[in-house]
Amino acid sequence: MSAAASAPATIANLGPGFDIAGMAIEGYRDLVEISLRDDDVVEVQVEGREADRVDDTPRGNSAAVAASHVLRRAGVRKGFNLKLVKNVPVGVGLGSSGASSAAGAYAANLLIGRRLGMRELVLCAAEGERAACGSPHLDNVAPSLYGGFTIILDIEGPEILHVKPMPGFEVIVATPHVSLPKNKTEYARSLLPREVPMETLVRQQASVARLIASILKGDLEQFGKAVSMDHVVEPARAGMIPGFREVKKRALENGALGLSISGAGPSIFAITRPQDAEKVAKAIKEAFEEKGVKTSITRTTPSTTGARPEPTNP
Ligand code: HSE
């Protein structure tokens, strides 16, 4: 018997919501198929357009680590065969390991008759994140599992607020072609300040309040504004992305409601009304090109569907 599930790419942080806010997006989904074995061996096979860029060992593959945690937590002491179809671009800030972890955890739970609840799946998927990038942050795995917006209210619990995105906006993702250290997330986290002045903390709290209030009220303009108002993480990481400040300025001048770095970068994302999307995408591309940076642009929308069951191959 086998089970299969897919889970979407995500944008973590959403500006000021470092490690607590995230949004699932359409366009890329990782797919995991899993079946139990009679012995305790774990076999991992990776396929798909990003397969070459993913660890396929049982302890290094985030889908397999997440699935192992689900089985262990449910008391199932068996090995498994896991196939990951890797579609989410790796290492660009779109929650690649989070999507694999979410799909792995969800598929494993389907296989055992949904014995675990969603919050437990978040914890198991976070272990997949830890295996892939060194820290078990929840802001990619939560939206990948739930879909829509998620806000982490308590990390240990975990307690997660899940909110359906307001209608009427597009997300432009721009991925600059820059070379970064191999363990990019660890590197991007090493750029962050160890301490923040009290004055900055107060400004940042106001931005986080704006972000969460806008999400709960479904206020698109305020959401865009909040995304642009990260006073701590974005300034520390902006140097990873050549021309970031100019690109942001030009996107906002051309109608973007907000722009920030997607997760640990180097992709950036802009929030726009659909009628402005083309103009904003063009402005971003041109601003990067003027700095001599090639960029891939994707126009997408939030995904209200998180991890979901998929048909298994007979
Ligand atoms: N919140 C994390 C970070 C996301 O910005 O480092 C990384 O995937």
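The values are calculated or read from the model by the stated rules, or taken from the named source; none is laboratory data. Fair warning: this is a prediction, and the values are worked out from it, not measured in the lab. Cβ sites come from the backbone with ideal geometry, for glycine too, and all protein chains shown count toward neighbours. With ligands, DNA and RNA removed, areas are computed over all heavy atoms of the protein, side chains included. Shrake-Rupley method; radii C 1.70, N 1.55, O 1.52, S 1.80 Å.
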(message) Looking only at the stretch 72-130, filter to residues that are within 13 Å of Asn61 (Cα to Cα) and of a type in the set (Lys, Arg); which one of those is farthest from the ligand (Cβ to nearest atom)?
(response) Lys83
(message) Quick check on Leu257: is it modelled with pLDDT of 95 or more, open to solvent by 30 Å² or more (accessible area, probe 1.4 Å) and in contact with an Asp or Glu (Cβ under 7 Å, 6 or more places away or on another chain)?
(response) yes
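Any idea which residue in the stretch 155-193 is most open to solvent (accessible area, probe 1.4 Å), counting only those that are assigned to a helix (DSSP H, G or I) and of a type in the set (Lys, Arg)?
Arg189
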(request) Determine if the stretch 196-216 includes at least one residue that is without any contact (Cβ under 8 Å) to a residue 12 or more places away in the chain, within 16 Å of the ligand (Cβ to nearest atom) and surrounded by fewer than 18 Cβ atoms within 10 Å (Cβ to Cβ). (result) no
(message) Quick check on the stretch 160-174. Is at least one of its residues under 14 Å from Ala21 (Cβ atoms), within 16 Å of the ligand (Cβ to nearest atom) and modelled with pLDDT of 95 or more?
(response) yes
(request) Of all residues in the stretch 20-34, count the ones that are open to solvent by less than 30 Å² (accessible area, probe 1.4 Å) and more than 18 Å from Leu216 (Cα to Cα). (result) 4
(request) Quickly run through the stretch 131-149 and pick out the residues that are over 16 Å from Ser62 (Cβ atoms) and either out of contact with any Lys or Arg (no Cβ under 6 Å at 6 or more places or on another chain) or within 11 Å of the ligand (Cβ to nearest atom) (or both). (result) Tyr146, Gly147, Phe149
(request) Among the numbered conditions (1) of a type in the set (D, E, K, R); (2) in contact with a Leu (Cβ under 7 Å, 6 or more places away or on another chain); (3) open to solvent by less than 20 Å² (accessible area, probe 1.4 Å), tell me where Asp139 comes up short. (result) (2)
(request) Please go through the stretch 168-184 and pick out each residue that is free of Cβ contacts under 8 Å to residues at least 12 places away in the same chain and either in contact with a helix residue (DSSP H, G or I) (Cβ under 7 Å, 6 or more places away or on another chain) or closer than 27 Å to Arg119 by Cα (or both). (result) Pro181
(message) Please verify whether Leu192 is modelled with pLDDT of 95 or more, within 16 Å of the ligand (Cβ to nearest atom) and outside the structural domain of Gly15 (by TED's automatic domain parsing), treating the condition exactly as stated.
(response) yes
